[in-house]
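Here the structure is laid out as structure tokens; the discussion comes afterwards.
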Amino acid sequence: MASKLFITKSFDSLAREHQNSQLKRTLGPWQLTALGVGATIGTGIFVLTGVEAALHAGPAIVISFIIAGLASGFAGLCYAEFAAMAPVAGSAYSYSYATLGEFAAWFIGWDLLLEYMFAAGTVAVGWGRYFTSFMELFGIYLPTSLTSAPFASPDGFAIVLTGNILNLPAAAITLLVTYICYVGITQSSFVNALVVAIKITVILAIIGVGAFYVNTDNWTPFIPENTGTWGEFGWSGILRASGVIFFAYIGFDAVTTAAQEARKPAFDMPFGLLMGLLICTVLYILMSGVLTGLLPYAELNTAAPVAVALSAHEELRWLAPFVVFGALAGLTSVVLVLILAQARILLAMARDGLLPPMFSAVHGKNRTPHIATLVTGGVATLMAALFPIGILAELVSIGTLLAFAMVSASVLILRYTRPDVPRPFKVPAPWFICLGGVFSCGLMAASLPLDTWLRLIIWMLIGIGVYYGYSRHHSVARKEAAQQ
């Protein structure tokens, strides 16, 4: 019984999945880069940068982004090796299945479902806040009962009623994006590329113009003294902030879920992953430096810190409407890629028998995993309509960190267990890069608060119940092994 928990999928079967895929292969290297940037530049740069500077890191939020970017670089190289050698839709789930075995794959797949399910809803809530601000620019004030969540969690554990009905804007954008993902990957890629271009233009304008109004006194002290509580400024605060803002780097896992829709995955996947990572990390570092230079960090604890920082300077207020519009574009592309990614993870797990077969259905005309897309969009819509952004953002970060750490470990393990597998792209200095990914991701995960770990444990216990109650009885790998 124990040995079956570690049964692996062969790389031959992964190759057959790629060759027999019904998904439309239409994505090139720059489209994959845009997917990564689309999923990454959003809540992190428009919301979390200011919040984490105010609560945990101060101006040293720049260092937090460097740490998170370094960890992402380690993991990104590992993802690139896997994505080139096994261009399948399941991302870290499929990679773990080929190296660590079925139970580890289920563990990371279930973790990814948590990551994407809550992330799409979380980002949609951020979109709703910026949409409300956008309407107010035209003198239209939407009622709070229709723009805020009916549930809240004041202490991080208990759920209480707020008296609101639902967050209608957040639900609406999630439904619209779900429709775009349902229609097809070409349309999704086009919409994503368009909004990515808009938000990159806005961000570069903020950085370029805002740099001339930076007050270097706001950077002193660069690392505020720790308050005596772990995670409140000092180096522990820098680590805590890096763990939370790792939410911003979820996009690189999302890129690999589209591997079966890449035209030339051996080249396109590594290029898209690493180029997207480089672009996003540089923009995060520059934006966080400008933001904390425009306004004292303690004043950035708001849902729209970029707009607040610009409004503090009369000469920059003309940029505020563009910031709101850029944030709407940025957050739209994040929701789109997250729904796109989770649907393809459901597809991969269903093909392996670990989830019901309906999730593996591909639309005859659109050639998209339509049922998985509708289920993903439906759950994300409920999350966006009912819950506030604060309840689940840290859960998304810890899910991303675990996925990145397991992929980093898997690459190193596979170098010794399957040295014969062709590797179109190889991680340089694998002992340093792979272990660096495991260590840095583990360190940031350890810095997250206890309630985040408790929620993760509860989710994983539910997942173990699903595995033993359904998945192991329908596992394709187990059935194939029993026939040999």
The rounded separation in angstrom of the Cα centers of segment 128-148 and segment 193-216 is 24
Counting only backbone N atoms under 17 Å from a point 7 Å out along Cα-to-Cβ of residue 204, the residues of segment 280-309 in range are 280-287
Residue separation between residue 278 and residue 450 times 0.36 nm, minus their alpha-carbon distance, gives in nm 58.8 nm
Length gained if residue 312 through residue 135 is fully extended, taking 0.36 nm per residue and subtracting the Cα-Cα distance, is 61.7 nm
In nanometres, the difference between 0.36 nm per residue of separation and the alpha-carbon distance of residue 466 and residue 266 is 68.5 nm
Ranked from fewest to most other Cβ atoms within 10 Å of their own Cβ, 30, 219 fall in the order 30, 219
If unit charges are put on Cβ atoms (+1 for Lys and Arg, -1 for Asp and Glu) and the dipole of segment 280-435 is taken about its Cα centre, the option from 281, 380, 348 lying farthest towards the positive end turns out to be 348
Going from the fewest other Cβ atoms within 10 Å to the most, one would list 52, 225 as 225, 52
In this structure, the FRET efficiency calculated for residue 145 and residue 473 from their beta-carbon separation, with R0 = 51 Å, to the nearest 0.05, is 0.65
Under the 7 Å Cα-to-Cβ spin-label approximation, residue 435 and residue 480 lie apart by a distance in nanometres of 3.4
Packing-ranked peptide list from 108-117, 174-183, highest mean Cβ count within 10 angstrom first, is 108-117, 174-183
Neighbour-count ranking for 46, 267 (other C-beta within 10 angstrom, fewest to most) reads 267, 46
Simple spin-label estimate for residue 365/residue 165, 7 Å along Cα→Cβ, in nm, reads 3.4
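Readers should treat all values here as calculations from the given coordinates under stated rules, not as data from a laboratory. These figures come from a predicted structure and were not determined experimentally. A quick note on method: Cβ atoms are made from the backbone with ideal geometry, for glycine too, and the neighbour counts reach across all protein chains shown.
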